[in-house]
1. Leaving ligands, DNA and RNA out of it, work out the accessible area of D264 with a 1.4 Å probe and give it in Å² to the nearest 10.
2. So if I take the centroid of the Cα atoms in segment 202-247 and the same for segment 307-354, what is the distance between those two points in Å?
3. Hey, if you drop one equal point scatterer on each alpha-carbon of segment 36-141 and run the Debye formula without solvent, what base-10 log of I(q)/I(0) do you get at q = 0.17, 0.23, 0.24 Å⁻¹?
4. Can you give the FRET efficiency for T243 and F190, using 1/(1 + (r/R0)^6), R0 = 25 Å, r = Cβ-Cβ distance, to the nearest 0.05?
5. Can you work out ³J(HN,Hα) from phi for every residue in segment 301-314, in order, using Karplus 6.51 cos²θ - 1.76 cosθ + 1.60 and θ = phi - 60°, giving whole Hz and x for Gly and Pro?
6. Taking a quarter of the surface of the convex hull around the Cα atoms of the chain, what do you get in nm²?
7. I'd like the accessible area for T104: 1.4 Å probe, protein heavy atoms, all chains in place, Å² to the nearest 10.
8. Just to check I understand the Karplus step: with θ = phi - 60° and J = 6.51 cos²θ - 1.76 cosθ + 1.60, what whole-Hz values come out for segment 158-174, glycine and proline as x?
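The values are calculated or read from the model by the stated rules, or taken from the named source; none is laboratory data. Computed from a prediction, not measured in an experiment: that's the story for all the values here. Cβ placement follows ideal geometry from the backbone for every residue including glycine, while neighbour counts extend to all protein chains displayed. The area values use the complete protein model at the heavy-atom level, side chains included, leaving out ligands, DNA and RNA. Shrake-Rupley method; radii C 1.70, N 1.55, O 1.52, S 1.80 Å.
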Amino acid sequence: MFQIRKILFLAIFLLPVLLLGKTIKVCNSCEIRTIKEGVAIATALDTVVIKKGKYNEFDIVIDKPLTLLGENYPIIDGELKGGIIKVISDNVTVDGLFIINVGTSYTEDYAAVRVVKSKNFLIQNLVLEKLFFGIYIEKSRDGRIFHNKIIGDAVEEYNSGNGIQLWYSQNIDIENNIITHVRDGIYLEFANDCRIKNNISSNNLRYGLHFMFSNNDLYENNTFENNGAGVAVMFSKKIKMLTNTFKENWGTASYGLLLKEINDAEITGNIFKENTIGINIEGSNRIRYTKNSFIKNGWAIKVRGACYANIFSNNNFMYNSFDVSYNSKLNDNKFDKNYWSGYTGYDLDKDGIGDVPYRPVKLFSYIVNRTPETIILMRSLFIDIIDFSEKVSPVFTPDNLLDNYPLMKSKND
């Protein structure tokens, strides 16, 4: 009986140690000199520690639960031969590596780190340079992509990849990453219930963020700056975009945010500053735009049609060339209690709300939509006259598009 108790005691005592796995060291002077060899001899729950140095390797396949941990950022150089790390097991962590020279292909989406059909993964503290795709998540779930720096050298769209890409995946956290000089900073397709927070996506060839057919996602506290076309959100529903910054996305086809076929969403507390178009909206319905600031954009909001039951309330429209642009005389959207820097009404009862409604759509914006060349007349007296005439008697702009309760002070005052 005593022997049985002793065996049980040892089993209980050693079980946590066994579950932690062992540590395998890889270095140029170690017994194990390649990462592939370290992964091959590892068993479930082991940690493969890669010492500082340079390792010319690619196509490293992680097919068991383990941690791949870099010490002082060892360099893994793929020598442009293909993808570098591929995860095909659950419960894998990749941490603290400097990965360069991912191969380029027109038939294969080579990535610095690719996760396929896996769950409970953690990709963190990586520096990725000279890449095709950075981090590619495919048909996976319940993972986290945290605190990575992805620096591409994209020149043309056809031969460049995305910084972080999710495809047919769900419940993924993408946080505190810096992505620059790739095709799309963050790209999601068929990716549901994901959270994208505190990322900086800038100077990318096409979009800072681009997602399609992805529902119930949250985008919060991100910065999208100086990207080729801005941010594109398409064919999705029940999204939340909160306290993000969209700025300096300039160009003839650029915008802070493009919404196309988006329904039942919330866009709150964002800053749209110095974009060609703050928000470009098409075929999007039942969206609440609240407490956003539109500052020094060409167009703050451009509505291209088929947009119904949207509510714009408690937003700041400050020093935009055009506050709101419509291409139709019909309006089924509500503007209520917004601040407009162009408002010249009065507040006799001092309740903070203008006594005269504000009409944000100007006739000149309608003219520019139809004939872009007329933009050269923007500061002329003639434009002031035709805008005033349309304000008195609307003919070309929606006559019911009014903010009946314009705020006298911005929400930041």
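1. 60 Å²
2. A separation of 24 Å, based on Cα centres.
3. Taken in order of the listed q values, log10 I(q)/I(0) reads -0.70, -1.32, -1.42.
4. Values: r = 26 Å, r/R0 = 1.04.
According to the calculation, E is roughly 0.45.
5. Each residue's phi maps through the Karplus curve to give 9, 10, 9, 9, x, 6, 10, 9, 6, 8, 10, 10, 9, 6 Hz.
6. Value for the chain: 26.8 nm².
7. About 80 Å², ignoring ligands and nucleic acids.
8. 5, 10, 9, x, 9, x, 10, 10, 10, 9, 6, 10, 8, 6, 10, 9, 10
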